[in-house]
1. What ranking do 100-113, 31-44, 141-154 get when scored by the average of other Cβ atoms within 10 Å per residue, highest first?
2. Is the C-alpha gyration tensor of region 82-139 telling us rounded, prolate or oblate? Criteria: a/c under 1.5 is rounded; beyond that, a/b larger than b/c is prolate, otherwise oblate.
3. Would you mind telling me the antiparallel percentage of the DSSP bridges in the chain, rounded to 5?
4. In which sequence would 19, 127, 88 go, from the one with the fewest C-beta neighbours within 10 Å to the one with the most?
5. Explain nothing, just the number: relative contact order of region 3-117, from Cα pairs under 8 Å at least 6 residues apart, as a whole percent.
6. Quick one: if you stick a label point 7 Å off each Cα along the C-beta vector at residue 147 and residue 91, how many nm between them?
7. Could you work out [θ]222 nm for the chain from helices alone, using -39500 (n - 2.57) per DSSP H run of at least four and dividing by all its residues? Round to the nearest 500 deg cm²/dmol.
8. With percent of Cα pairs over 27 Å apart in mind, check (i) 32; (ii) 48; (iii) 18 and report the label derived from this structure.
């Protein structure tokens, strides 16, 4: 399976990179209902930092990001699995297919993390440049404002009504 397909199924929810149960069910070639049954039978293996149920508002936001599905409406809100939760799924779903898919999913999570770290470096550099050049642009802006105000004051001085003796 291509890494890109899995990476497209990793979402950012509550500041965490997660995969949703219906996407995992497709990858594992099982029904979402069966996947959830296995999870509920082993719920002790999935603390809140491994898996959580997303809220209605989070699901609505996700629905705008995900192309319209042909699944129809959902009765239950999906579970979101962190990287650790996906790794724990391999112990719950004890099949060779699940193990193979889990290895690819973990590789995808690692790639996404490395990609984010490389962009963090770029973000820090941009912030540094912004800080360095913002002051210079502020100085130029102040100088331009001073020149414009000076021209305005000079014009006002010339156009004011003179007082005193006429020659």
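1. Working: 100-113: 17.0, 31-44: 13.6, 141-154: 10.0.
Output ranking for 100-113, 31-44, 141-154: 100-113, 31-44, 141-154.
2. Values: a/c = 9.29, a/b = 5.12, b/c = 1.82.
Prolate, since a/c reaches 1.5 and a/b exceeds b/c.
3. On the way: 8 of 8 bridges.
In the chain, approximately 100 percent of DSSP beta bridges are antiparallel ones.
4. Working: 19 24, 127 10, 88 20.
Fewest-to-most Cβ neighbours within 10 Å comes out as 127, 88, 19.
5. Working: 106 pairs, mean separation 41.8, N = 115.
Across region 3-117, relative contact order equals 36 percent.
6. Simple spin-label model gives 7.0 nm for this pair.
7. Details: 6 runs with 107 residues, N = 167.
After summing the helix terms and dividing by the residues of the chain, the value is -21500 deg cm²/dmol.
8. Entry (ii).
Readers should treat all values here as calculations from the given coordinates under stated rules, not as data from a laboratory. All values derive from a computational prediction rather than experimental measurement. Ideal geometry is used to build each Cβ from the backbone, glycine not excepted, and the neighbour counts take in all protein chains shown.
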